[in-house]
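The values are calculated or read from the model by the stated rules, or taken from the named source; none is laboratory data. Keep in mind that this is a model prediction, so the values were computed, not measured. Here the Cβ positions follow ideal geometry from the backbone for every residue, glycine too, while neighbour counts run over all protein chains shown. These area figures cover heavy atoms from the full protein model, side chains too; ligands, DNA and RNA do not enter into them. Shrake-Rupley method; radii C 1.70, N 1.55, O 1.52, S 1.80 Å.
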Amino acid sequence: MTGAGVISGGLGGRRIFVTGATGFVGTALVERLMRGVPDCELVLLVRDGRRSEASRRVDREVLRNDCFDRLRSELGDDGFAALRDRIEVVAGDVGTDGLGLDERGRNLLAGCDVVIHSAATVAFDSPLDRAVEVNLLGPVRIAELLEELDVAPHLVTVSTCYVAGNRRGDAPEEPVESNPFFADLDWRDEVAAARRARADTDALSRDPERLAEFAARARRELGPAGGPILAERTERIRRDWVKERMVELGRARAGSVGWPDAYAFTKALGEVALGRTVRRRGEGAPPLSIVRPSIIESAWAEPVPGWIRGFRMAEPIILSYARGLLREFPGVPEGVVDVIPVDLVVAAIVTTAATTPPVGTPRIVQVASGSANPLRYQQLVDRVREWFTDHPLYDRHGQPIVVPDWNFPGRGRVEGQLRRAATALRVTERLVTNLPLRGRAAAWSAEIDERRSQVERASTYVQLYGAYTECEAVYGIDRLLELAGQLDPVERAAFEVDPAIVDWDRYVTEIHLPSVVRHGRARSSPGRSAGQDRTERLRARVLSEDRQLAAFDLENTLIASNVVASYSWLATRRLPPAERLRFTLRTLAEAPSLLAQDRADRSDFLRAFYRRYEGAPVDQLDEDAVEHFSAMLLARSFPAALRRVREHRALGHRTVLITGALDIVVEPLRPLFDDVVCAQLGREPDDDGRTVLTGQLRTVPPTAEARASILERYCDAEDLLLEQSVAYADSSSDLPMLQAVGFPVAVNPEPRLAAIARTRGWLIEDFHTASGFRHRVVPMAPRWRERSTGGRG
């Protein structure tokens, strides 16, 4: 900027403290200040991440965002690197007293001329206590710290128009307390109540009966995945239960006093608490401005049309509609959907920050479109339907999805329909999960799980956003337009705030919807499916030369067999046909109980089942194992799986077979792998001096979490990295091993694992036996079974 305009004069050469820089509005705000006020300096308050400190988060999450592509192009690499020198980053958190600032951070804040507080918990379904800590107490903590530091910079806080609550008609730019629907709530009481509710709810979640319910649910979801993983999932379910209760409490508390949700409720109380905290300082108080946007969506023009970060309110609804998931959505057709592009909001924040109000009374600036340039709900729905009719999304079969006509039913009706659909899908999913399905058949179960999740998300959207589509408040913007009038033509062009400039038909069809589809990675062409491309990308990563180890399960991963089938083959190899038939019938009768034992605990099942080998002569089993390898293992093997083992070896990867099958059974497979880890039974001499099996395992069977431990020890011994390893398995009982490596592969997965693999984005392989394979129930039997059972098999 050149000259002494309002913005260049008010912010040029100033130091500005900004919270929320990693968010949607905050990222755009940082970019606009860097580009539009070239000589200002920024101090960004950012939380340290789990893996990245605050400064690194700014470099990766803010400055590398495509929001800065325009500025990077204009400045070049050297110029953009110099721009970074105008930014100081301090680690802290508005949800912590004193903002969590160290001495350096406090000194930097004390030297700032303007503080722009844009950090917030913006989700409409935030837990009440979290919303209170951030939205209500966040601005209070800033004001209190400024008082402690004895400084009074211009404090600009970003709130929301919806602090006006559930009202109809005019909603002017006035303090929350002047709202006739506002009950004079004591914000301190609300803080105490929210904190107490969190503690009480957490205590309820630890009730023994409820913990048992959580554990049972974890078991239903993951099956015999092993103790540590089931415990981890149980704890996650408990925490989610607490969060859901706090979300419900927030929604109920907000609704009881006139707000649509905890977000608007805590933002309103935050304005009240901030205003009273600032006024308490008297003449030494900082000037205070409150900027209230309505529903913030993608950019109209700056930095580029359609820029957006993350999904806002409208995007999930739009994509759910385009994918055929939302057949109806509540709303008032002639009502106003008060949307405002993010660049107009940022321009309003910058203009507000550049103009200092008098001390004593907060200046409130609303940034909304409903009063000056309303977008009608019917108009929005019509444009969206027309656009997706002309530019449909495509399903996984490459067929265009036909979007429905919305008829604007009541919210209760839509919520009821979605609840019933979700219940039906949950029942179906539970039934299918218990069926012995694998591979593509199990993928059907995963699709049911995905469909259920989509219906539940749609139900959440209706519950969260339905109130906003039915909102009939009209937000005044007199002060916003007054600020716009103070800008000279050059600044007005660079920092446009007037919503009247937006052509809604053009914005929806040419800017917003293409951006939503692009950022949502929705399938917008009938060609190769994204799933196919993604599978090939995942497969290429698995078979990269960078991988170091490939671990394989055996049953239903490399061969279409299991320990029961192997035992049956060996136990009937030399029986006459009549006895073989009786054995087969008894085994089939046992199948349901054997399956139940296996699903309950794989290790316990193997211990119990392998006792049937008691007394088996080792020399005879060694001899039979050779024929078993040819007749069973090779005949039932998956050629593609065996090729995959060889591919890994050709790439120089170590290969290891980890299986609960017996060593005698898998011995012929050893040449295929570098190492084999399997179950081993004890041996002892019988009365005839022959070596026989005891029927008792020598060590803990290599199942569930034991496999992960084996793999970890193996990598340590061979100086290999787990994060550069691949694991192939078929069952949820193999989750510990799959989760231990960097590249898990679900092979012919059973329903639980199919759902988990799809949710987590793992590679799924569907391997088959060779064409012409004939399933033989049982062949012959050795003499040891005749002697040990008296001919009863």
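For D449, the conditions (1) modelled with pLDDT under 75; (2) buried (at least 18 other Cβ atoms within 10 Å of the Cβ); (3) not in a helix (DSSP H, G or I); (4) not polar (S, T, N, Q) are fulfilled apart from (3). The residue that is nearest to the chain's Cα centre (by Cα), among those in the range 3-22 that are of a type in the set (A, V, I, L, M, F, W, C) and closer than 17 Å to A54 by Cα, is A21. Only one of the numbered conditions (1) farther than 29 Å from R670 by Cα; (2) surrounded by fewer than 17 Cβ atoms within 10 Å (Cβ to Cβ) is not met by A608, and that is (1). Listed by position, the helices (runs of 4 or more DSSP H) contained in the range 611-683 that have at least 2 residues being over 21 Å from F767 (Cα atoms) and free of Cβ contacts under 8 Å to residues at least 60 places away in the same chain are 618-628, 663-666.
Taking residues in the range 756-780 that are farther than 26 Å from S733 by Cα, and partners anywhere that are at pLDDT 85 or above, the pairs with Cβ atoms closer than 7 Å and at least 6 places apart or on different chains are A770/P639.
Could you run through the range 596-612 and say how many residues are within 33 Å of the chain's Cα centre (by Cα) and among the aliphatic types (A, V, I, L, M)? Outline the logic, then answer.
Going residue by residue through the range 596-612, those that are within 33 Å of the chain's Cα centre (by Cα) are 596, 598-603.
With among the aliphatic types (A, V, I, L, M) added as a condition, the list becomes 596, 600.
Count: 2.
From the set of residues in the range 375-415 that are among the polar types (S, T, N, Q) and loosely packed, with under 15 Cβ neighbours inside 10 Å, which is modelled with the highest pLDDT? Steps first, answer last, please.
Residues of the range 375-415 among the polar types (S, T, N, Q): 378-379, 389, 399, 407.
From what is left, the residues that are loosely packed, with under 15 Cβ neighbours inside 10 Å are 389, 399, 407.
On the way: T389: 90, Q399: 83, N407: 70.
Of everything passing the filter in the range 375-415, T389 is modelled with the highest pLDDT.
Go over the candidates S544, S568 one by one and state the one that is hydroxyl-bearing (S, T, Y), more than 18 Å from D730 (Cα to Cα), in contact with a helix residue (DSSP H, G or I) (Cβ under 7 Å, 6 or more places away or on another chain) and open to solvent by less than 60 Å² (accessible area, probe 1.4 Å).
Numbers: S544 fails: in contact with a helix residue (DSSP H, G or I) (Cβ under 7 Å, 6 or more places away or on another chain).
Within the list S544, S568, the selection yields S568.
Selection within the range 203-220: residues that are of a type in the set (D, E, K, R) and surrounded by fewer than 16 Cβ atoms within 10 Å (Cβ to Cβ). The member of this set that is nearest to E271 (Cα to Cα) is R206. Among the criteria (1) at pLDDT below 90; (2) of a type outside the set (D, E, K, R); (3) out of contact with any Lys or Arg (no Cβ under 7 Å at 6 or more places or on another chain), the one P330 does not fulfil is (3).
When you scan the range 354-368, do you find a residue that is modelled with pLDDT of 85 or more, over 28 Å from A494 (Cα atoms), open to solvent by 10 Å² or more (accessible area, probe 1.4 Å) and out of contact with any Gly (no Cβ under 7 Å at 6 or more places or on another chain), even just one? Yes; the residues of the range 354-368 include at least one that is modelled with pLDDT of 85 or more, over 28 Å from A494 (Cα atoms), open to solvent by 10 Å² or more (accessible area, probe 1.4 Å) and out of contact with any Gly (no Cβ under 7 Å at 6 or more places or on another chain). The number of residues in the range 581-623 that are in contact with a Pro (Cβ under 8 Å, 6 or more places away or on another chain) and aliphatic (A, V, I, L, M) comes to 5.
Quick one: in the range 613-639, of everything that is under 28 Å from R547 (Cα atoms) and open to solvent by 30 Å² or more (accessible area, probe 1.4 Å), which residue is farthest from the chain's Cα centre (by Cα)? The residue in question is L634.
Scanning the range 242-264 for residues that are at pLDDT 90 or above, open to solvent by 30 Å² or more (accessible area, probe 1.4 Å) and of a type in the set (G, A, S) turns up just one, A252.
When restricted to residues that are small (G, A, S), under 35 Å from the mean Cα position of the chain (by Cα) and under 30 Å from V618 (Cα atoms), the range 640-666 contains 2. Looking across the range 165-202, the residues that are hydrophobic (A, V, I, L, M, F, W, C) and either surrounded by fewer than 13 Cβ atoms within 10 Å (Cβ to Cβ) or farther than 24 Å from P260 by Cβ (or both) come down to F181, A183, A192, A199. Every test in (1) crowded, with 20+ Cβ neighbours inside 10 Å; (2) on the phi < 0 side of the Ramachandran plot is passed by A285 save one, and that test is (1). Of all the numbered requirements in (1) over 27 Å from the mean Cα position of the chain (by Cα); (2) open to solvent by less than 10 Å² (accessible area, probe 1.4 Å), V132 misses one, and that requirement is (1). Residues that are surrounded by fewer than 16 Cβ atoms within 10 Å (Cβ to Cβ), charged (D, E, K, R) and in contact (Cβ under 8 Å) with a residue 12 or more places away in the chain within the range 482-509 comprise D488, D505, listed in sequence order.
Residues that are out of contact with any Lys or Arg (no Cβ under 6 Å at 6 or more places or on another chain), open to solvent by less than 10 Å² (accessible area, probe 1.4 Å) and under 16 Å from G223 (Cα atoms): does the range 756-765 have at least one? Yes. Among the conditions (1) farther than 28 Å from G9 by Cα; (2) modelled with pLDDT under 90, A82 misses just one, which is (1). All of (1) under 30 Å from T201 (Cα atoms); (2) buried (at least 22 other Cβ atoms within 10 Å of the Cβ) hold for T157 with one exception: (1).
Where strands (runs of 3 or more DSSP E) fall wholly inside the range 718-793, the ranges with 3 or more residues that are small (G, A, S) and modelled with pLDDT of 55 or more are 725-729.
Mind listing whichever residues of the range 536-582 are part of a helix (DSSP H, G or I), of a type outside the set (A, V, I, L, M, F, W, C), within 46 Å of the chain's Cα centre (by Cα) and more than 26 Å from G695 (Cα to Cα)? Working first, answer last.
Here is the first cut: in the range 536-582, the ones part of a helix (DSSP H, G or I) are 536-542, 563-571, 577-582.
Filter once more, keeping what is of a type outside the set (A, V, I, L, M, F, W, C): 536-537, 539, 541, 566-568, 577, 579-580, 582.
With the extra rule that they be within 46 Å of the chain's Cα centre (by Cα), the set shrinks to 536-537, 539, 541, 566-568.
If the condition is that a residue be part of a helix (DSSP H, G or I), of a type outside the set (A, V, I, L, M, F, W, C), within 46 Å of the chain's Cα centre (by Cα) and more than 26 Å from G695 (Cα to Cα), then E536, R537, R539, R541 are the ones that fit.
Filtering S205, S178 for residues that are farther than 22 Å from E133 by Cβ and polar (S, T, N, Q) leaves a single hit, S178.
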